[in-house]
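Just so it is clear, none of the values below were taken in a lab; they were calculated from the coordinates. Model, not experiment: these values are computed from the prediction. Note: ideal-geometry Cβ built from the backbone for every residue, glycine included; neighbour counts use all protein chains shown.
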Amino acid sequence: MPESFKGEILSPVGSKEMLYAAVRSGADAIYLGAKDFSARRNAENFDITELSSTIEYCHIRGVKVYLTLNILIKDSEFSDAVNLAVNAYNAGIDGIIVQDLGLASVLHKQIPDLALHASTQMSVHSPACLPLLKELGFKQVVVAREMSFEELAAFCKEAQKYDITVEVFVHGALCMSMSGQCLLSAFLGSRSGNRGLCAGPCRLPFAAENGTGYDLSLKDLSLIEYIPRLYEIGVRSFKIEGRMKRPEYVAAATKACKDALINGIVDKDLNETLKNVFSRSGFTAGYLENKLGKDMFGIRTKEDVISADKAFPILHELYRKEYKSVKVSVKATIRENEPISLTLSDGENTVTATGDIPQKAKTKAISYDDAWKSLTKFGDTPYLLEGGGINFHDGLFVPASELNALRRQACEKLNLERAKCDRQKVYINYNIKLAPPDRTKTPDLIIRLENEDQIPKDLNGIKAIIFPLEKDFEPIENIINIIDIPRGIINENALTNRLLHFKEKGVDTCLCGNLSAVEIAKNLGFKIIADTGLNIHNSEASLTAENIGAKAVILSPELTNESIARLHSPIPKGIITYGHIPLMLFKNCPIKNGKECKDCDKAGVLTDRLGTKFSVRCRMGYSELLNSVPLWLGDKQNDLKGLDFQILYFTNETNERVEEVIKAYKTQKSADCKYTRGLFYKGTI
């Protein structure tokens, strides 16, 4: 990356009006979604024709365009997703933001010149994953919002070694769960955050004891004042969230961030206006400052809405006119017996427009100053005069209208050159390989336990036992022992030491739900099982999991029975068929809003507005929200045939209950408790 690169303000665009608001307020780059495969599918978004014209509009103004193709892709959609990426590349897209491992792998192989950006949905929050990101073809990574300043500094330093640009969210909504690790909306209403249709149930009342009453709702993020410091440690892309918000918000956030990046100054009045436009009881920088707790939580109040209504009219002025972002030099010739000419150059492109031969003046001749004024009047264009001059003869008559027309002609020519896409077109005939449904194989039974007290006396018929990394289990003889690595990684050294501890005891297999965990465990010589945190959602993702070292995959809990049956996997595939499924992953534990860690029994409870209770458990510095009722597929074993294994995921069950569930699954009994089928049959929208 050249040292002259001063970073980019990356603004959200969900509509044409937002496009003008972002670009005219100083955005260096924008990100937008197509009509399909975008993590904000409810935004207006763009079809391929609109996308092409948007790319041309932005490139004329020196603004990059990134396409968000950042949802999990079904096998049935895969060809269309690849075709969309191809069309975007051929139209001149500057980068594509991707979550799905399979899609990333295919695009890197098929279009190696395409710049891939790792979406924040990939949950990147520690540096060990960087070699894998490089291997998968990523040029830029949107890191998790949960990272502290110190963690970011270390990550940026390591990312430079791999020539990967670091992108950070600096303003906008803040999810309670780490992005890419949330199933709350999917399980409660079939609207998947991983598929771009999150319903935002976390903004509803979920109460911890003595908490705020809205203990899953965080304030909006604002790191504007930190932008100069973030640049110093190596962050180069400063991202604003908000493709579902109004253009006025985009304009205000873009200008405020741009001022902070270029001048190192935060406009306090603009910042206050921005808070009025959209916030939840103000802003927070809690993760960056490593100041977690109650102060980070907030909701959208009636007062917030009233403040916004007053601020909108003021902000429209921010993007009423073109933003002068492109410096041009001007060289003109107005000489006797020669056609008038005007040459514009932006440093890379040079164009010339030619007019008529000027006549000798019969009355008033045009002056040098008047000619220069006409030729450099770039009012409604993005062009800014940098210098130049006219090779000029006195005593000639040239109408101002002719010079104005010449200037417009030259600008149009320069527009065409700047908008031109010179890259070699690519054409891909991609067809995904699907497996015929296999209903003959009976899946092996694997159990995942929370503590040693849960170990059943009878282990007949159980292929393997999974133990949490953070617990002190003793490996069991004559059975496969597997270590479950938490999805949230606070300390890579601590993770490494725990793995070495179990390796010395003879354990050689790990569940890995994060790319950093994959890289660390693989380097230590462990066999890898790709866990649900990697969101293996299609056949190509399963193949990619094998390519990065996995020996088996646990498929996404969002897949349906039919999708699972047809998913082609080169390595054994399985799913979780019982358990209180983890729905969210927190760095800021909501239970601490009402009590201190020392007063917690490691299994707090949140209660929703209907009185339903959801357990919260801690795991090595992060915590997880568990579903209120267990998934139960014990009586649906015929629908599981074709899988290589199934996992019974035990958390807070007693030893007696563990044995009851195992027996019920072996004998294919119906549930004896309130339960859910999850998304196994109904799937997501």
Taking the Cβ of each residue in F397, F46 as the centre, tally the other Cβ atoms inside 10 Å and list the residues starting with the fewest. F397, F46
From phi via Karplus (6.51, -1.76, 1.60), per-residue ³J(HN,Hα) for the range 342-350 in Hz, x at Gly/Pro: 9, 10, 10, 9, 9, x, 10, 10, 10
Mean Cβ neighbour count within 10 Å, used as a protection proxy, ranking 612-618, 12-18, 253-259 highest first: 253-259, 12-18, 612-618
Once the in-chain neighbours fewer than 8 apart are removed, the lysines whose Cα is under 16 Å from K294 read K219, K587, K592, K595
In what sequence do M620, M584 fall when counting other Cβ within 10 Å, fewest first? M620, M584
Given charges at beta-carbon only (K, R positive; D, E negative), |dipole| of the range 326-419 in Debye: 180
For the chain, longest principal axis from Cα atoms; helix 400-419 axis from its Cα atoms; angle between them, nearest 10 degrees, is 30
So, R0 is 45 Å and r is the distance between the beta-carbons of E289 and S367; what FRET efficiency does that work out to, to 0.05? 0.15
For the chain, what's the relative contact order in percent, using C-alpha pairs closer than 8 Å and at least 6 residues apart? 15
Taking the Cα centre of the range 380-497 as the origin, how large is its charge dipole in debye, to the nearest 20, when only Lys and Arg (+1) and Asp and Glu (-1) carry charge on their Cβ atoms? 880
Let me understand the range 195-346 better: what is its radius of gyration from the alpha carbons, and its Dmax, in angstrom? 22.0, 89
If Lys and Arg each add +1 and Asp and Glu each add -1, what is the summed charge of the other residues whose beta carbon sits under 15 Å from the beta carbon of F78? -1
Let me spell out the model: positive unit charges on the Cβ of Lys and Arg, negative unit charges on the Cβ of Asp and Glu, origin at the Cα centre of the chain. What dipole size does that give, in debye rounded to 20? 940
Within 10 Å, count the other beta carbons around each residue, average over each peptide in 93-103, 314-324, 443-453, and list them highest first. 93-103, 443-453, 314-324
Which lysines, if any, have their Cα less than 17 Å from the Cα of K503, not counting same-chain residues under 8 positions apart? K471, K522, K527
What relative contact order, as a whole-number percentage, does the range 92-217 give when Cα pairs under 8 Å and 6 or more residues apart are counted? 18
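Do the sum for the chain: with -39,500 (n - 2.57) for every DSSP H run of n ≥ 4, divided by all residues, what is the mean residue ellipticity at 222 nm, to the nearest 500 deg cm²/dmol?
So the helix-based figure for the chain works out to -8500 deg cm²/dmol.
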Sorting check: for 190-201, 326-337, which peptide has the highest mean count of neighbouring beta carbons within 10 Å, and how do the rest follow? 190-201, 326-337
Ascending count of other beta-carbon atoms within 10 Å, so fewest first, for S341, S401, S539, S126: S401, S341, S539, S126
Can you list the residues of the range 165-187 with backbone N under 18 Å from a point 7 Å past the Cα of R609, pointing along Cα to Cβ? 176, 184-187
Sequence-distant residues sharing a close amide H with K551 (under 5 Å, placed H): I528, I529, A530
Could you compute the net charge surrounding A552? Neighbours are other residues with a C-beta less than 15 Å from the C-beta of A552; K and R count +1, D and E count -1. +1
Let's test the formula: R0 of 51 Å, r as the Cβ-Cβ distance of E504 and Q668. What FRET efficiency results, to the nearest 0.05? 0.80
Mind listing the phi-derived Karplus ³J(HN,Hα) values for the range 148-165, rounded to whole Hz, using 6.51, -1.76 and 1.60 with θ = phi - 60°, and x for any glycine or proline? 7, 4, 5, 5, 5, 4, 5, 5, 4, 4, 6, 4, 4, 5, 9, 6, 10, 6
With both bridge residues required to lie in the chain, what share of the DSSP beta bridges run antiparallel, to the nearest 5%? 30
For N337 and T496, compute 0.36 nm times the residue count separating them, minus their Cα-Cα distance, and round to one decimal in nm. 49.2 nm
Once phi for every residue in the range 315-321 is put through the Karplus expression 6.51 cos²θ - 1.76 cosθ + 1.60 (θ = phi - 60°), the whole-Hz ³J(HN,Hα) values, with Gly and Pro written as x, are 6, 4, 5, 5, 10, 6, 10
As I understand it, the dipole of the chain uses +1 on the Cβ of Lys and Arg and -1 on the Cβ of Asp and Glu, about the Cα centre. Which of L524, T49, N194 lies farthest toward its positive end? T49
What net charge is computed for the residues neighbouring F378, neighbours being all others with C-beta under 13 Å from the C-beta of F378, Lys and Arg scored +1, Asp and Glu -1? +3
